[in-house]
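One structure is given below, encoded as structure tokens.
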Amino acid sequence: MNRRLALSIALGALLAGRVASAQEVTIGYQGLPYKSTGESNAGIQVSDSVLLHAGIGVEAGYDTNVFYAPSKEIGSSIFRFMPYAELTNATRTGPSSNILVFDARAGLQYRHYGNSEVASRYADAWNPNAGLSLSLGGAQFGFGVADVFARVEDPPYANPGNIDPITGIPTGVPPIQRTNNQASIEGRWAPGGGRLTTVLRFTNMVNIYDNNGTGNYSFANAMTNTLMLDVAWKWLPKTAIFFNVQQSIVSYLNQSRANNANLSDSYPLYVTAGLRGLLTEKTSAVLTLGYVNGFYSNGATTSGFLGSTYLDLAFTARLTQLSRAVVGFRHDFVNAVISNFAYQETAYASYIQQIAGRLALDVSGRYQYISYQGDTSDPTQVTADGGNRVDNFFQLGASLDYFLRNWAYIGVGYALLDNRSNIPLDDYLKQQVFARLGVTY
Amino acid sequence: MLKTKLLLTTIFMGSTVFAQGPAPEAPPAPGGQGTSAVDLSVKQKPTLTPADMINQSKEYFTGMGAVVKRIQTLQDQAKREKDIIRLNCVTDKLVQARVNVNIAEQSMATMQESVARNNEGEQTHEFTRLTIVNQKVTVLGAEAENCIGEDLSFVGATRIEVEVDPNIPQYDPTQPGSPFIDITRPPSASPID
């Protein structure tokens, strides 16, 4: 298995509980791995059908802009450490059952900024993550449940209203703490020869900004419930034409505070169709086009031809058995914190190369054009002429790992985040470099 | 046709020679005193007697029956082993042997009639036919023993090997993507609560 591909599994890919996760692409530097890489002959066989994976990773480096400041950046050394454990029903050579698949994992990341100027409340953070998935089923019927939890704590933005004018370090504002839990349940049906597959999935997501004090984001705490129906016809064994409908209900948990911030509940509807799967044995694609509507209960809502269109294009090419390239584009809208929503255009690319069976190179980049829509109660988030905020966000990530064994690695990583906004206070350039090593057994 | 004539002639002569009876008595030597000496003369008969022909024919039938039975045994063995190639070969020999036995039975009946009618020419003719048929059946039996089966030409059971291009991913790319949790950093907002 391609080690780097396995090492780059995204956080939410655990949901399916099946090997379909490999098609997700991760953009940017992903940090330390939080789950097993899927290498064969790794893991501790706890019993005949239960495998325990455990791992630990450490990385140390430098962050050029701890507080995402537009100027007078504060740099600091950074140290991260993450152990994890994962239980799955498998043997060291492969899954033990095609009918029942389960996976349970937990990890805890500790992050420390070494610069003494960085206040202690921002310097240290504990970020837990956990996941659970269970998939049951045979050829015709399938059932799955999954839950993913993550908490991330990051230093606050350095805004003129919260920084020490001399040091440029924020004071009096809490770190940005975001907790997200996503649970889902799905049923799968593939009658007859399996050409026609149907998936009905319900997802509940709770997003909490759980800090208090001036500058907190708790007004944006929300719960999203989504019901999805996906019908796909496999006109080739690994290529399908699909039709997908998703209806969501987004409700803010603190209605009064959300209303004060000009945020309103919404009922996003997606009706899309397209193609996904292999084009040739070396290339695959996801082509999705459809109608979308945010149905915001108050204030601005998605409208117009482009505003009502959803487009997702992704093309993957396995150039060799040891390399993979992905390019993609997405046109969508997302809920925002400073206003109802934002139109988002995203272009991304990723390249992974394994070299000589020991080295793994991962390079990826993303550009996002984010146009915030609707009224905002934050006077710092409108332009001088009263226009809405528009961001041009660039992200680059690279890592180069050397595998001492198939379960032990040492490497370097680089991350770049650059935001250029029509509101200069929101500009920032942040770069991070890391040296890292770890074990994923 | 020439070969057949030569064969018939040879067999006729051979059978005549083999069917020879004891040599006629040699005339007594002159001056013989009528002593009790051993008779060393070889008596010869130019043809078999009808009775001899019938007895010989019955021996032929016994032999041919044994050969046919042996070929049937070989056929059953090939069926049990499911050796198609050998079965086809043995079955072919068996069919020919049975056809020859039928011919021999007809010749036997005709020869017995000719003996009853005292028709020496026809007796000899039918006996010759029986002799030839007996030879044929013997040869067929030997050929059946030597039928080659699958064990010599068999190259192995048919095996199907499916080679999957390693570039083809093992996961199913036709499944809908998994929902991602959103832990991205929110955009900067005013510090004013």
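Some notes on this structure:
- A:TYR369 being in contact with a Lys or Arg (Cβ under 7 Å, 6 or more places away or on another chain), surrounded by fewer than 17 Cβ atoms within 10 Å (Cβ to Cβ) and assigned to a strand (DSSP E or B): no
- Condition check for A:GLY94: modelled with pLDDT under 95, touching a helix residue (DSSP H, G or I) at 6+ places or on another chain (Cβ under 9 Å) and surrounded by fewer than 21 Cβ atoms within 10 Å (Cβ to Cβ): no
- Search result, residues across region A:262-285 that are more than 10 Å from chain B (Cβ to nearest Cβ) and of a type in the set (Gly, Ala, Ser): A:SER264, A:SER266, A:ALA273, A:GLY274
- Residue match in region B:80-90 (condition: among the charged types (D, E, K, R) and without any contact (Cβ under 8 Å) to a residue 12 or more places away in the chain): yes
- Residue under evaluation A:SER21, criteria (1) surrounded by 19 or more Cβ atoms within 10 Å (Cβ to Cβ); (2) modelled with pLDDT under 75; (3) of a type in the set (Gly, Ala, Ser); (4) over 22 Å from the mean Cα position of the chain (by Cα), criterion not met: (4)
- In region A:286-316, the residue that is surrounded by the most Cβ atoms within 10 Å (Cβ to Cβ) out of those that are within 11 Å of chain B (Cβ to nearest Cβ) and in contact with a Ser or Thr (Cβ under 7 Å, 6 or more places away or on another chain) is A:THR316.
- Within region A:29-87, the residues that satisfy the criterion of being hydroxyl-bearing (Ser, Thr, Tyr), farther than 28 Å from A:PRO160 by Cα and surrounded by 20 or more Cβ atoms within 10 Å (Cβ to Cβ) are A:TYR29, A:TYR34, A:SER36, A:THR37, A:TYR84.
- Residue list for region A:330-354, restricted to those being touching a residue at least 24 places away in the same chain (Cβ under 8 Å), small (Gly, Ala, Ser) and closer than 12 Å to A:GLN368 by Cβ: A:ALA342
- Entry remark, region A:332-372: residues being within 14 Å of chain B (Cβ to nearest Cβ) and farther than 28 Å from A:ASN422 by Cβ number 2 in total.
- Taken as a whole, the condition of being more than 24 Å from the chain's Cα centre (by Cα), facing chain B (nearest Cβ under 10 Å) and of a type outside the set (Asp, Glu) does not apply to A:ARG201.
- Residues that are modelled with pLDDT of 85 or more, closer than 19 Å to A:GLY413 by Cα and more than 14 Å from chain B (Cβ to nearest Cβ) within region A:30-67 comprise A:LEU32, A:GLY55, A:ILE56, A:GLY57, A:VAL58, A:GLU59, A:ALA60, A:GLY61, A:TYR62, A:THR64, listed in sequence order.
- Close pairs (6 angstrom Cβ cut-off, 6 or more residues apart or separate chains): away from chain B (no Cβ under 12 Å) in region A:415-427, of a type in the set (S, T, N, Q) and buried (at least 18 other Cβ atoms within 10 Å of the Cβ) anywhere: A:ALA415/A:GLN432
- Among the residues examined, A:TYR252 qualifies as hydroxyl-bearing (Ser, Thr, Tyr), more than 11 Å from chain B (Cβ to nearest Cβ), in contact with a strand residue (DSSP E or B) (Cβ under 6 Å, 6 or more places away or on another chain) and touching a residue at least 24 places away in the same chain (Cβ under 8 Å).
- Residue check, A:ASN392 touching a helix residue (DSSP H, G or I) at 6+ places or on another chain (Cβ under 8 Å), within 27 Å of A:ALA222 (Cα to Cα) and either among the polar types (S, T, N, Q) or not in a strand (DSSP E or B) (or both): no
- Applying the set (1) buried (at least 21 other Cβ atoms within 10 Å of the Cβ); (2) farther than 27 Å from B:ILE54 by Cβ to B:VAL137 leaves exactly one unmet item: (2).
- A:GLN177 being within 30 Å of A:ASN260 (Cα to Cα) and touching a residue at least 60 places away in the same chain (Cβ under 8 Å): no
- Scanning region A:209-231 for residues that are within 30 Å of A:ASN162 (Cα to Cα), at pLDDT 85 or above and either part of a loop (DSSP other than H, G, I, E, B) or within 10 Å of another protein chain (Cβ to nearest Cβ) (or both) yields A:TYR209, A:TYR217, A:SER218, A:PHE219, A:ALA220, A:ASN221.
Yes/no matrix, rows are residues, columns are (1) more than 14 Å from every other protein chain (Cβ to nearest Cβ); (2) within 29 Å of B:PRO187 (Cβ to Cβ); (3) over 20 Å from the mean Cα position of the chain (by Cα); (4) modelled with pLDDT under 90:
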| site | (1), (2), (3), (4) |
| --- | --- |
| A:LEU87 | yes, no, yes, no |
| A:ASP124 | yes, yes, yes, no |
| A:LEU136 | yes, no, yes, no |
| A:GLU153 | no, yes, no, no |
| A:ILE163 | no, yes, yes, yes |
| A:PRO170 | no, yes, yes, yes |
| A:THR179 | no, yes, no, no |
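- Region A:266-283 - residue that is modelled with pLDDT of 95 or more and assigned to a loop (DSSP other than H, G, I, E, B) and, of those, farthest from A:MET228 (Cα to Cα): A:TYR267
- So A:SER256, is it among the hydroxyl-bearing types (Ser, Thr, Tyr) and assigned to a helix (DSSP H, G or I): yes
- Hey, A:VAL439 touching a Lys or Arg at 6+ places or on another chain (Cβ under 9 Å) and surrounded by fewer than 18 Cβ atoms within 10 Å (Cβ to Cβ) or not: yes
- Residue that is farthest from A:ALA190 (Cα to Cα) [pool: residues in region B:159-176 that are more than 7 Å from every other protein chain (Cβ to nearest Cβ) and of a type outside the set (Asp, Glu)]: B:ARG159
- Check on B:ILE71, over 15 Å from the mean Cα position of the chain (by Cα) and at pLDDT 90 or above: no
- A Cβ distance below 8 Å, combined with a sequence gap of six or more or placement on separate chains, defines the contacts here; from region A:308-329, residues that are part of a loop (DSSP other than H, G, I, E, B) and aliphatic (A, V, I, L, M) reach residues that are buried (at least 18 other Cβ atoms within 10 Å of the Cβ) and at pLDDT 90 or above in the pairs A:LEU322/A:GLN353; A:LEU322/A:GLN354.
- Pairs linking a residue in region A:223-243 that is in contact (Cβ under 8 Å) with a residue 24 or more places away in the chain to a residue that is outside any strand (DSSP E or B), with Cβ atoms under 6 Å and 6 or more positions apart or on different chains, are A:ASP230/B:PRO176; A:ALA232/B:THR174; A:LYS234/A:ARG195; A:LYS234/B:THR174; A:LYS238/B:PRO173; A:ALA240/B:THR174.
- Filtered by the rule that a residue be more than 11 Å from chain B (Cβ to nearest Cβ) and crowded, with 18+ Cβ neighbours inside 10 Å, region A:373-395 gives A:GLN373, A:GLY374, A:ASN388.
The values are calculated or read from the model by the stated rules, or taken from the named source; none is laboratory data. Every value quoted in this text rests on a predicted model; they were computed, and no experiment measured them. Virtual Cβ from ideal backbone geometry, glycine too; neighbours counted across all protein chains shown.
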